[in-house]
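Just below is one structure, and these are the notes that go with it.
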Amino acid sequence: MDPAEQSKKVAACKAIDDHIKENCTVGIGSGSTIVYAVEHLAKKIQKDNLQIPCVPTSIQAKQLIRLHKLCLSDLEETPELDFVFDGADEVDSNLTLIKGGGGCLTQEKIVASCTKKLIIVADHRKDSKSLGTNWTKGIPIEVIPMAYVPIKNRLEAMGGVAELRMAKAKAGPIVTDNGNFILDWKFNISNADWKAIDQKITCFPGVVDTGLFVDMASKVYFGQPDGTVTVREKKIL
């Protein structure tokens, strides 16, 4: 297995082993790392004969749950979750996340807001001292299609460049599971107050949500090249 994929797998497996127990409720995130988490979750559920409702954050997550014959739920049936397992594009020293590289940021944030503990699983490349160090594709902003130009202008007035994310296998822009567009904001800001910035952008008319996850992650598992896992927890002030 590719070393990066092995790093993802060991992080995902340890996160599942550390948290899954009888009668807990779980949210399932999106992305390549979560594939390993769901595979391991399915094995653990079968081995220990557990009953665990799983709430997906995307069509991909729903397909993974069904593929592994897990108990599919939603926020109507399971509005409060014990754990959400998800990936991240980048994690800074304060556990602030950039998410949405795969386009599922809004549903991921909704599900994450319903859990007691958001558990992030990632490989070591996602670990940064400050946002923008390793992840250079920008902060995803999901927007109502008719508003993308005004929002693009407002983001660029804050510093940097905002680009409409274009599809690769079809003509035109990427369309999210919610029928919206994504702007990738390649910010040019140092020593940023990400909580204030997130609140400011969210108030732009037409913004659905941002890929900034501030004060949401409880614990992050980073898979290392040597097969070990580094765990970083949220600081309790």
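The values are calculated or read from the model by the stated rules, or taken from the named source; none is laboratory data. Bear in mind that the values here come from a model prediction, so they are computed numbers and not experimental data. Cβ atoms come from the backbone with ideal geometry, glycine included; neighbour counts cover every protein chain shown. The area values use the complete protein model at the heavy-atom level, side chains included, leaving out ligands, DNA and RNA. Shrake-Rupley method; radii C 1.70, N 1.55, O 1.52, S 1.80 Å.
Laid out as a table, the results:
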| read-out | value |
| --- | --- |
| Charge dipole (debye, nearest 20) of region 1-108; +1 at Cβ of Lys and Arg, -1 at Cβ of Asp and Glu | 460 debye |
| Highest-MSF residue in the chain out of Glu80, Glu90, Glu142 [GNM, Cα springs under 10 Å] | Glu80 |
| Fluctuation leader among Ser190, Ser113, Ser130 - the chain, Gaussian network, Cα springs under 10 angstrom | Ser190 |
| Electrostatic dipole magnitude of the chain [Cβ: Lys, Arg +1; Asp, Glu -1; Cα centre; debye, to 20] | 260 debye |
| About the Cα centre, charge dipole magnitude for region 116-209 (Lys/Arg +1, Asp/Glu -1 at Cβ), debye | 180 debye |
| Accessible carbon and sulfur surface of region 8-145 relative to its total accessible area, %, 1.4 Å | 49 percent |
| Residue with peak Gaussian network fluctuation, the chain [Cα springs, cutoff 10 Å], from Ala217, Ala11, Ala169 | Ala169 |
| Solvent-accessible heavy-atom area per residue, rounded to whole Å², over region 1-136 at 1.4 Å | 45 Å² |
| Rounded to 10°, Cα long-axis angle of helix 3-19 versus longest principal axis of the chain | 60 degrees |
| The chain: relative contact order in percent, alpha carbon pairs under 8 Å with at least 6 residues between | 23 percent |
| ³J(HN,Hα), Karplus 6.51/-1.76/1.60, whole Hz, each residue of region 73-89, x for Gly, Pro | 10, 8, 6, 6, 7, 10, x, 10, 10, 6, 9, 10, 9, 8, x, 8, 7 |
| Accessible surface, region 181-237, averaged per residue in Å² (probe 1.4 Å) | 55 Å² |
| Positive dipole terminus of region 1-146, leading residue within Leu72, Ile34, Thr115 (C-beta point charges) | Ile34 |
| Relative contact order (%) - region 144-204, alpha-carbon pairs under 8 angstrom, separation at least six | 33 percent |
| Shape of region 169-230, Cα gyration tensor, a/c cut at 1.5 | oblate |
| Trypsin sites (Lys or Arg not before Pro) within region 118-208: DSSP coil, no more than 16 neighbouring Cβ in 10 Å | Lys129, Lys137, Lys168, Lys170 |
| Shape of the chain, Cα gyration tensor, a/c cut at 1.5 | prolate |
| Residue (of Asn134, Gln199, Met158) at the positive-pole extreme of region 126-237, dipole from beta-carbon charges | Asn134 |
